[in-house]
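Chemist: Sharing a structure with you now.
The values are calculated or read from the model by the stated rules, or taken from the named source; none is laboratory data. All values derive from a computational prediction rather than experimental measurement. Every residue, glycine as well, gets a Cβ built from its backbone with ideal geometry; the counts of neighbours run over all protein chains shown. Quick note on the areas: whole protein, heavy atoms, side chains included, nothing else; ligands and nucleic acids left out. Shrake-Rupley method; radii C 1.70, N 1.55, O 1.52, S 1.80 Å.
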Amino acid sequence: MRDTSRHAIGRRVSWVHGLPAVLELLLGLCLVGLLVETLQWHLAAPPGLGWTVGGVYLAMAVMIVWGWPVALRWLGWANRVTLLRGVLIALLAGSMAFPAFMQRHALEMGGLALLALCLDGLDGWVARHTHSATAFGARFDMELDAFFIAVLCCALVVLDKLGGWVLLCGALRYVFVAAGYAWTWLRRPLPSSLRRKVVCVWQVVSLLAALLPWVSPFWAMLSVGLALVLLLYSFMSDVAWLYRHRRTRI
């Protein structure tokens with residue numbers, strides 16, 4: 001009974017300790033509302049956009065709170081930049097519930113995605129220059145990257161630029177993570193790889209370029225198809241490395 005009480009007190013202390021970060025997440029929700037109102041004012045966005053975008057952002061916020069480390073109180077500058085990128089990705093993801101709206105404003109959606117991509121490079125720079133790099137921040141950035149790629153893939157299907165095969169680009173990483181629960185050696189840390197970084201950049205750039213209204217479906221299929229082939233090669237290389245080192249102690 002005493003141990004149960006102690007755990008309850010520990011959870012309460014952890015919650016209070018992380019309260020400043022929760023307040024920052026609520027400020028992010030206010031920013032979502034402001035941006036949605038701006039879209040509705042300037043682009044005649046559908047009335048339900050606030051619900052879909054807000055739902056995506058709240059799901060993101062819940063996962064952040066769920067994985068929040070006890071040692072941190074505030075988000076920190078690097079994580080704030082990443083959260084701002086998350087707000088933009090939530091706008092893009094929530095807009096997919098309204099395909100006609102996305103098709104009318106494909107150029108604006110592409111600009112939104114490009115801005116999110118630019119912020120992806122900024123948060124790492126901020127982390128290094130403000131000494132705010134953390135393991136949580138690195139994981140937050142990585143998971144948001146994976147979600148961003150999945151959203152871009154879905155956007156191309158919604159805009160009728162590419163077929164359902166493009167979803168494989170966004171699903172591969174989640175399939176890899178799920179496979180790690182069946183084969184634990186897949187969860188071993190991978191060494192840093194220039195090949196992996198180049199393939200990731202090519203994938204995102206190809207998906208972003210395919211979103212642009214003046215890029216034809218043929219060229220979109222060609223560039224994203226090449227990105228998918230390179231991505232499959234990269235994943236297979238990592239799986240082969242992990243298999244060869246499956247018995248090596250970490």
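Chemist: What percentage of the solvent-accessible surface of the stretch 136-249, computed with a 1.4 Å probe over protein heavy atoms, is contributed by carbon and sulfur atoms?
Modeler: 72 percent
Chemist: Assigning unit charges at the beta carbon (Lys, Arg +1; Asp, Glu -1) and nothing else, what dipole magnitude in debye, to the nearest 20, does the chain show about its Cα centre?
Modeler: Charge dipole, the chain, about its Cα centre: 1220 debye, nearest 20.
Chemist: Please compute the length gained on full extension between ARG246 and VAL229, using 0.36 nm multiplied by the number of residues separating them and subtracting their Cα-Cα distance.
Modeler: Extra length available between ARG246 and VAL229 comes to 3.6 nm.
Chemist: Moving on to the next point. How high is the FRET efficiency from LYS197 to GLN103, r the C-beta distance, R0 30 Å, rounded to 0.05? Let's see the in-between values first.
Modeler: On the way: r = 33 Å, r/R0 = 1.09.
Result of the calculation: an efficiency of 0.35.
Chemist: May I pose another question? Ranked from highest to lowest mean number of other Cβ atoms within 10 Å per residue, what is the order of the peptides 55-65, 170-180?
Modeler: Highest to lowest by the protection proxy: 55-65, 170-180.
Chemist: What whole-number distance in Å separates the alpha-carbon centres of the stretch 77-100 and the stretch 103-160?
Modeler: Measuring centre to centre over Cα atoms gives 8 Å.
Chemist: Let me ask something else about it. Rolling a 1.4 angstrom probe over the protein chains, ignoring ligands and nucleic acids, what is the accessible area of CYS200 in square angstrom, nearest 10?
Modeler: Probe radius 1.4 Å; accessible area of CYS200 about 50 Å².
Chemist: If you filter the stretch 182-228 for chymotrypsin sites (Phe, Trp or Tyr not before Pro), then keep DSSP loop positions with at most 11 other Cβ within 10 Å, what is left?
Modeler: For chymotrypsin sites (Phe, Trp or Tyr not before Pro) across the stretch 182-228 that sit outside H, G, I, E and B with at most 11 neighbouring Cβ atoms in 10 Å, the list reads TRP214.
Chemist: With Cβ to Cβ distances under 9 Å as the rule, what net charge do the other residues near PRO217 carry (K, R +1; D, E -1)?
Modeler: On the way: positive: LYS161; negative: ASP160.
Spelling it out: positives minus negatives among the neighbours equals 0.
Chemist: Give the Rg (one decimal place) followed by the Dmax (whole number) of the stretch 208-250, computed from C-alpha coordinates and expressed in Å.
Modeler: When restricted to Cα atoms, the stretch 208-250 yields Rg and Dmax of 16.6, 52 Å.
Chemist: How long are the semi-axes of the ellipsoid equivalent to the chain, from square roots of 5 times the Cα gyration tensor eigenvalues, in whole Å, largest first?
Modeler: 31, 28, 16
Chemist: Search the structure for amide H atoms under 5 Å from the amide H of ALA45, placed 1.01 Å from N in the peptide plane, and list their residues when 5 or more places away or on another chain.
Modeler: Here the answer is GLN40, since their amide H atoms fall under 5 Å of that of ALA45.
Chemist: Follow-up question, since we're still on this one. Using the 2.2 N^0.38 Å rule of thumb for compact globular proteins, work out how the stretch 181-225 stacks up: its C-alpha Rg over that value, please.
Modeler: My calculation over the Cα atoms of the stretch 181-225 gives 1.66.
Chemist: How large is the accessible surface of MET142 in square angstrom, using a 1.4 angstrom probe and rounding to the nearest 10?
Modeler: My reading of the accessible area for MET142 is about 90 Å².
Chemist: So what is the calculated 222 nm ellipticity per residue for the chain, using -39500 (n - 2.57) for each DSSP H run with n of 4 or more, over all residues, to the nearest 500 deg cm²/dmol? Spell out each step's value before the answer.
Modeler: Numbers: 10 runs with 193 residues, N = 250.
So the helix-based figure for the chain works out to -26500 deg cm²/dmol.
Chemist: What are the DSSP H helices in the chain that stretch 20 Å or more along their long axis, judged by alpha-carbon atoms, and whose average Kyte-Doolittle hydropathy comes to at least -0.5?
Modeler: 19-42, 49-66, 77-95, 106-129, 135-158, 167-182, 194-211, 217-244
Chemist: Give the Rg/Rh ratio for the stretch 21-143, taking Rg as the radius of gyration of the Cα atoms and Rh as the Kirkwood radius, to two decimals.
Modeler: My calculation puts Rg/Rh at 0.99.
Chemist: Which whole-number percentage describes the relative contact order of the chain, with Cα contacts under 8 Å and a sequence gap of 6 or more?
Modeler: Values: 228 pairs, mean separation 41.0, N = 250.
Averaging sequence separation for qualifying contacts and normalising by length gives 16 percent for the chain.
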